[in-house]
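The values are calculated or read from the model by the stated rules, or taken from the named source; none is laboratory data. For clarity, every value in this text was computed on a predicted model and none was experimentally measured. Note: ideal-geometry Cβ built from the backbone for every residue, glycine included; neighbour counts use all protein chains shown. Protein only, heavy atoms only, side chains kept; ligands, DNA and RNA dropped before computing areas. Shrake-Rupley method; radii C 1.70, N 1.55, O 1.52, S 1.80 Å.
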Amino acid sequence: MEASAAAEVEAAERVVMRWDSTVSAASSGGGGGDEQMLFDGAAADRAEAERFLRAVDDLTRLAPASAARSPRRASSAGGALQVAMARLEDEFRHVLSARALDLEVEALAGLSSLSIAGDRRNSDATTEADDDDGSVSSSVGRRSSYRSMQSIREIDLFPADAISDLHAIASRMAAAGYARECVQVYASVRKPAVDSALRRLGVEKLSIADVQRLEWDALEAKIRRWIRAARAAVRGVFASERRLCFHIFHDLPLCDSTAAAAVANHDAPFSEAVKGAALQLFGFAEAISIGRRSPEKLFKIIDLHDALSDLLPDISDIFAASKAAESIYVQAAEIRSRLADAVRGILSEFENAVLRDPSKTPVPGGTIHPLTRYVMNYSSLISDYKATLSELIISRPSAGSRTAAEGNEPTPVFPDLDLPDPDSQLPLAAHLVWIIVVLEHNLESKASLYKDAALSHLFLMNNEHYIVHKVKDSAELRALVGDEYLKRLTGKFRQSATSYQRTAWLKILNCLRDEGLHVSGGFSSGISKSALRERFKAFNAAFEEAHRVQSAWYVPDTQLREELRISISEKLLPAYRSFLGRFRHHIENGRHPELYIKYSVEDLEMAMADFFEGAPPSQHNRRRSHG
């Protein structure tokens, strides 16, 4: 070694040995708590730090490569370089631990509504989060600052001077062959920091088994929280960690020279710091995607699918370009695919559940069946998710997709499915029509449980009316079902209403016909008074029975109830008025006319107000024809 080089090495050794970490630790009793650090922010001696780094550069350049990695080497240059690396490792750890900025979880939570395309349910929150950006950036003290890059907001995790120090230290360690140790120190400090950030965002450490054991109400709340936390984690925590790694390691030789293929210099520390947290984060969504499928889960799973779809471009930007971390992106994409499969499977399960809903006990009063309300409300929600479901539901319902009965269950009779031309209807629309067809088929089975045929028709009328109005009341559902099918539904409702009136009132109206009242021997004087009295008695008995029974029947829709009463009154009252006008004098001229003519037209009209109220008839002070 030339004399000048030896002098340089000797000078470098003197600088380095003043900062021997092992000597410092021994002199402080092994605690190290008050040890002076070269890179200590405002308290640091920058000139001394620069001298130390120049000394390390000289040692790295001049010391034999074999001495650089031999702790037992007597060579002063090799020993000094070992001391220098130990000191830099401590300094690196110290800066990472002591100079990190306080992470504002509240501001991170604002990232939960950011989206490139715009979240359909959180657009207002997005605006508010963007508007708040200036106030966060201008904050004073040890607080994070934010910059918006489309949907990603990168957080400054360290002050600029600290990042410069970290890069300076890492570059010396890498140049001396200590890249692996540098990455290990980085991961040992930043991994707990990343884990802590996710915990503060509300990400829980749950295994797949833990998630699948949760009751749905609890799981539903956790899904909502997870969506908010995942957006903040990906767009805030992970994006910022990648940016930090880039600034510290991007131009450094961190790759193992024996590696088959070199990767980006900052991949390894980034992957080491975030991979565990990312796997934990996406593990929750994975557990949902492979869990038991049931109809009540559909919409939260769609929300989860949409949230992950919205995040995938950001996940790709953050993870996919990294060979060491690309498995995170692959996992997220696979989970989204499984969530899409779950959505399709749940829709199919729902269709079969509607078809197989058991017909055991008729609902009292022929009112709307709970199944009808559930199915139509569910269908309305399906239409609200049209944007996503139109992409996921790509096949139309068919005989092959209708699940066969399992075990000892009887195979249900499938209704006919007469769908519009495939070219004019989305597969999702065909499924919605099929759901309504299946519901109607099931309702017809439930209607057969009523012993009274009139009540069976009233039940169908109530339920079909509810179906029609749920379709009409939802613009999205109506657009999917289509006006042509809506007309068919409306026609079925009207047919059921007509069938009810014919079945319930034909016998009563027949009491008011002339047939059977005349006797031979002359038209004007040929009325059989005994037949007439029996006819009045039959009418009274039939009407009183209808009044008693049908007052307990229930038409829940106020407008439909009133329209049905009016329709019945328009048939009954004129017929009774005409019958009374033609024949009352025959009864009034006889004995005890009040036994036969019990009601006036006004009495009947008043009594009609009791019909379809779902309760026993009220006691009216009816005006009697004879007091």
Do we find that Ile288 is touching a helix residue (DSSP H, G or I) at 6+ places or on another chain (Cβ under 8 Å), buried (at least 22 other Cβ atoms within 10 Å of the Cβ), under 19 Å from Gly202 (Cβ atoms) and not polar (S, T, N, Q) in this structure?
yes
With (1) surrounded by fewer than 21 Cβ atoms within 10 Å (Cβ to Cβ); (2) hydrophobic (A, V, I, L, M, F, W, C); (3) over 14 Å from the mean Cα position of the chain (by Cα) as the list, and Phe299 as the residue in question, which single condition is left unmet?
(3)
Positions within region 323-371 being open to solvent by 30 Å² or more (accessible area, probe 1.4 Å), outside any helix (DSSP H, G or I) and not small (Gly, Ala, Ser), in sequence order
Lys323, Asp357, Pro358, Lys360, Thr361, Pro362
Looking for whichever is outside any helix (DSSP H, G or I) and open to solvent by less than 80 Å² (accessible area, probe 1.4 Å) here; the options are Leu477, Leu460, Leu455, Leu512. Which one fits?
Leu512
All positions within region 217-239 that are within 19 Å of the chain's Cα centre (by Cα) and open to solvent by less than 40 Å² (accessible area, probe 1.4 Å):
Leu219, Ala221, Lys222, Ile223, Trp226, Ile227, Ala229, Ala230, Arg231, Ala232, Ala233, Val234
Taking into account only those residues within region 431-478 that are small (Gly, Ala, Ser) and out of contact with any His (no Cβ under 8 Å at 6 or more places or on another chain), which is farthest from Pro556 (Cα to Cα)?
Ala475
Is there a residue in region 14-35 that is part of a loop (DSSP other than H, G, I, E, B), at pLDDT 80 or above, under 24 Å from Ala160 (Cβ atoms) and not hydrophobic (A, V, I, L, M, F, W, C)?
no
Return yes when Phe493 is within 20 Å of Thr367 (Cβ to Cβ) and open to solvent by 20 Å² or more (accessible area, probe 1.4 Å) and no when it is not.
yes
Taking the stated definitions as given, is Ala175 buried (at least 19 other Cβ atoms within 10 Å of the Cβ) and in contact with a helix residue (DSSP H, G or I) (Cβ under 8 Å, 6 or more places away or on another chain)?
no
